[in-house]
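The values are calculated or read from the model by the stated rules, or taken from the named source; none is laboratory data. This is a predicted model, so every value here is computed, not measured. For neighbour counting, all protein chains shown are included, and Cβ atoms are generated from backbone atoms with ideal geometry for every residue, glycine included. With ligands, DNA and RNA removed, areas are computed over all heavy atoms of the protein, side chains included. Shrake-Rupley method; radii C 1.70, N 1.55, O 1.52, S 1.80 Å.
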Amino acid sequence: MPDPQRIRPVLAVLAILGAVGVWTAFAALAPTGMRKLVLFPVAFGLGTGAIVAWAAREFHLEKRWAAVLTVPLVMAGLCLIASRGLSELRAEQAAIVAPAEQSMARAILEAAAQNDPTLAQELAAPDSTSVPSLSDYLAFRVRPLGEWSQPWPSVFWGAEILLASVAGAWTASRLPRRTQHSSEAT
């Protein structure tokens, strides 16, 4: 029979990964209007820290391990949420240009390109501007604060991730631990 002291950390990590995975999925499905700059990432970090603190308390893990485990979970979760936001932005931009309108405009441009070699080259070149990149998404996110040139939207996002990670680690290390007295009462 396996030693319960050895299994406990594995169970704790599995419980943390499962709970944070569900938390991240719900956060990623939040409407764009709810994903406010700074507030949403910090709330996500606090929630992740609370989940990790709960699991640490239930599985008797040390506070420092809970805080250390929280940081990469917050970072990964916010990256997944940004990935979801990027895919939403791509879907919105793809829906803006209807295929029928696009094909009619393309036919007009191709007819004009027969007399203009420069336009013909531009039409032959792959159109990389039609699909937004992560940098485009990050610039879109900070647009309520104004038009920012690169790399500032990425720097701002990095600062949000750092702030959320600190908030999560702080929460994971500060939530009260279950005392012997309270565990006997339950």
- Query: In the full protein assembly as shown, how much of Met34 is accessible to a 1.4 Å probe, in Å² to the nearest 10?
  - Reply: 120
- Message: Show me the ranking of peptides 41-54, 151-164 by mean Cβ neighbours inside 10 Å, starting with the highest.
- Response: 41-54, 151-164
- Sequence of Arg6, Arg84 from largest to smallest accessible area, 1.4 Å probe: Arg6, Arg84
- Query: Can you give the net charge of the other residues whose Cβ lies under 14 Å from the Cβ of Leu89, counting K and R as +1 and D and E as -1?
  - Reply: +2
- Query: Rank Lys63, Lys36 by accessible area, highest first, at a 1.4 Å probe radius?
  - Reply: Lys36, Lys63
- Taking a probe of 1.4 Å, how large is the accessible area per residue of segment 3-84, in Å²? 54
